[in-house]
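Scroll down for the structure; my scribbles are underneath it.
The values are calculated or read from the model by the stated rules, or taken from the named source; none is laboratory data. Source: prediction; values computed, not measured. Heads up, the Cβs are rebuilt from the backbone with ideal geometry, glycines too, and the neighbour counts pull from every protein chain shown. Only protein heavy atoms, including side chains, enter the accessible area calculation; ligands, DNA and RNA are left aside. Shrake-Rupley method; radii C 1.70, N 1.55, O 1.52, S 1.80 Å.
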Amino acid sequence: KINVLLRINPGVEAHTHQFIVTAHVDSKFGILKSDTETIRSIIDTIESNEALSFQGFHAHIGSQIFDKNAFRAEIETMGSFIKEMIDKTGRSFPALDLGGGFAAVYTKEDAPIPIDEVCALLIDQCSLINEKYDLHLKRLMIEPGRSIVAEAGSTLYTVGFTKITPHKKYVFVDGGMSDNIRPALYQAAYDADLTNRMNDKKTETVCIAGKCCESGDVLIEKTDLPCAVTGDQLIVYTTGAYGYSMASRYNMLCVPAVVFVKNGRSSLVVRRQSFEDLIERDEGDIL
Ligand SMILES: Cc1ncc(COP(=O)(O)O)c(C=O)c1O
């Protein structure tokens, strides 16, 4: 049988540094916890299918969670919800999946809760609700996303040219939103250095812009660098998650190669996309 969990919107949002209880009830994700009739009927539908086995509930309240109270709020809310569903359905729900949200360090400002502290907190809080609401939970699941790989990856760019406007200095690079959509999509922040000038003083605050035909194609709005010139190599840190996996062929730019590096050795794990790759599915005949 295939085990099934149902994603619930617990009304706890932690998409920003501050978690907000009862926020974002209109989220496209999950079924609102108060919609118990719909939830009950979905469980019945799953249980009536002999290939499926309903195991319990799932929630994911956001990413880059820096505040332990957000996890506490999620667990308390899910605990009282599961209790309500046990009372309403007479069933037991052995599994609880708390999603992800374990943060990575993107910039110097980011101070994630150490992963062992997060885990201890989740286990302690789940033990508390298990006892408090008599839930009989048997399985606790998490979905650690970026915290596993984000910091392991960096992206290397070559500086093309620079441009000074009345209020800014742009440093243009040979990539952009096509290899990292996060800054354009939701103003994600990153840190950078010039790898060939690591010992030079950072004398300028610049804006790192990509080569896509969008004003929003900015990789870093403000970062301090030595005076960058054509040919310098720029490294943007913490691109190991949601970088390559969300890369696109925007403006028909080729997706860069992925190289693993360890102990002075390197290995090409994803070859650079070629122009031939980009047009391989184009048909030649014109009607
Ligand atoms: C359902 C679900 N679980 C886990 C994750 C992982 O999130 P993060 O990488 O922010 O920890 C995501 C990310 O979007 C998600 O949608």
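A few comments on the model shown:
- Criterion (away from the ligand (no atom under 15 Å from the Cβ), within 30 Å of ALA188 (Cβ to Cβ) and either in a loop (DSSP other than H, G, I, E, B) or in the same structural domain as ASP193 (by TED's automatic domain parsing) (or both)) met by exactly one of VAL25, VAL105: VAL25
- Residues that are among the β-branched types (Val, Ile, Thr) and touching a Pro at 6+ places or on another chain (Cβ under 7 Å), drawn from the stretch 172-219: THR203, VAL218
- The stretch 53-77, residues that are open to solvent by 10 Å² or more (accessible area, probe 1.4 Å) and under 19 Å from PRO112 (Cβ atoms): HIS60, SER63, GLN64, PHE66, ASP67, LYS68, ASN69, ARG72, ALA73
- Residue list for the stretch 65-86, filter: in contact (Cβ under 8 Å) with a residue 60 or more places away in the chain and either hydroxyl-bearing (Ser, Thr, Tyr) or within 16 Å of the ligand (Cβ to nearest atom) (or both): GLU74, THR77, MET78
- Between GLY240, GLY231, the distinction of being exposed (fewer than 15 other Cβ atoms within 10 Å of the Cβ) and either among the polar types (S, T, N, Q) or not in a strand (DSSP E or B) (or both) belongs to GLY231 only.
- Near pairs, Cβ below 6 angstrom, 6+ apart or cross-chain, from the stretch 127-142 (more than 13 Å from THR77 (Cα to Cα)) to any residue that is assigned to a loop (DSSP other than H, G, I, E, B) and of a type in the set (Ser, Thr, Tyr): HIS136/SER92
- Within the stretch 108-142, considering residues that are surrounded by fewer than 17 Cβ atoms within 10 Å (Cβ to Cβ), more than 17 Å from the chain's Cα centre (by Cα) and assigned to a loop (DSSP other than H, G, I, E, B), the one nearest to the ligand (Cβ to nearest atom): PRO114
- Checking GLY145, GLY160, GLY153, GLY175 one by one, the residue that is at pLDDT below 95 and open to solvent by less than 40 Å² (accessible area, probe 1.4 Å) is GLY145 and no other.
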